1. Between Trp26 and Val54, how high is the FRET efficiency from 1/(1 + (r/R0)^6) when r is the Cβ-Cβ distance and R₀ = 41 Å? Nearest 0.05.
2. Tell me, in nm to one decimal, what length is gained between His18 and Tyr222 on full extension, where the rule is 0.36 nm per residue of separation less the Cα-Cα distance?
3. Among DSSP beta bridges whose residues both lie in the chain, state the antiparallel percentage, nearest 5.
4. Using only the Cα atoms of the chain, what are the Rg and Dmax in Å?
5. Please give, to one decimal in nm, the separation of the simple spin-label points placed at Arg169 and Leu112, each 7 Å out from Cα toward the Cβ.
6. Which Rg and Dmax, in Å, describe the Cα atoms of the range 185-235?
7. For a test of the definition: using alpha carbon positions, the gyration tensor, and the 1.5 limit on a/c, classify the range 77-211 as rounded, prolate or oblate.
8. Using only alpha carbon pairs under 8 Å that are at least six residues apart, calculate the relative contact order of the chain and give it in whole percent.
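Every number here is computed from the coordinates shown, using simple stated rules; none is lab data. Keep in mind it's a predicted model, so treat the numbers as computed, not measured. As a convention, Cβ positions derive from the backbone with ideal geometry for all residues, glycine included, and neighbour counts pool all protein chains shown.
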Amino acid sequence: MPPQTFRCVGCGAYWPRHWPTCNRCWRHGHIIPWSERQRAAIDSKPAASNARAVARMNWGEIEQSAYPELRLRISALVLVYGEAGAGKSSWACSLINAIKGPVCLIAAEEGLSPTLANRLQRCRIARDDFHVLTRASVDAAVEFATRIKAIAIALDSVQESAWSATELRHVLGVCPDLKLLVAVAQVNRGGLPSGPNTLRHEADVVVRVEQMRWAIDKKSRYQDPIGVGGDVLPPKEIS
């Protein structure tokens, strides 16, 4: 049997024992028993290539019309975080919706709900090839994304789905058509992404969202992050 740990349902932090109060988000009574799931099967599939093939790979820019000032390259992992209601989920949905081709939202936090329906309507998303997946493990998500030939995936949220930073990167590697993975993160009491620092370290771009405004938070492997940002939605569409 996998070892049992404890998890804060408020911020997603893991603990080796039960505590009355979470020392990361300081919420009281939110820590519950949590069984460690087995590692995803994709972790046992190594990637192999050669120098010539890697040199010939297309690492060009990803074309997207939602945020023209944001530069992304193929195989990018983007971490977007912010307080509840700040607009981080709308930002992630708008970004992948602006990419041509099949895309997938993994709605681990809200599922198929009126809240999600309202967000998609607010973001004016009604495409047949904007797929929504819920209650999916890492391996199930990889199988689905491969089958629909997904170009981009948004995971909302990392804490609720309990995907690790390593698994996020592996998903980009094993889905043959996938160019972009956006990981939505909750925040702790200090306003930083909840969970281990490996999420921020692994990400190619880190975006912070506050009050329906977004900005690159110090880290981008593709451009100077200073001054890059704007509205999550055009002002007339914010409600």
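1. Details: r = 46 Å, r/R0 = 1.11.
About 0.35, to the nearest 0.05.
2. On the way: separation 204, 0.36 × 204 = 73.44 nm, distance 4.15 nm.
Residue separation times 0.36 nm, minus the Cα-Cα distance, leaves 69.3 nm.
3. Values: 18 of 43 bridges.
Percentage antiparallel, nearest 5: 40.
4. 17.7, 55
5. Once both label points are built, they end up 3.5 nm from each other.
6. Gyration radius and largest Cα-Cα distance of the range 185-235: 11.7, 34 Å.
7. It is oblate, given that a/c is not under 1.5 and a/b is not larger than b/c.
8. Details: 459 pairs, mean separation 57.5, N = 239.
Computed over the chain, the figure is 24 percent.
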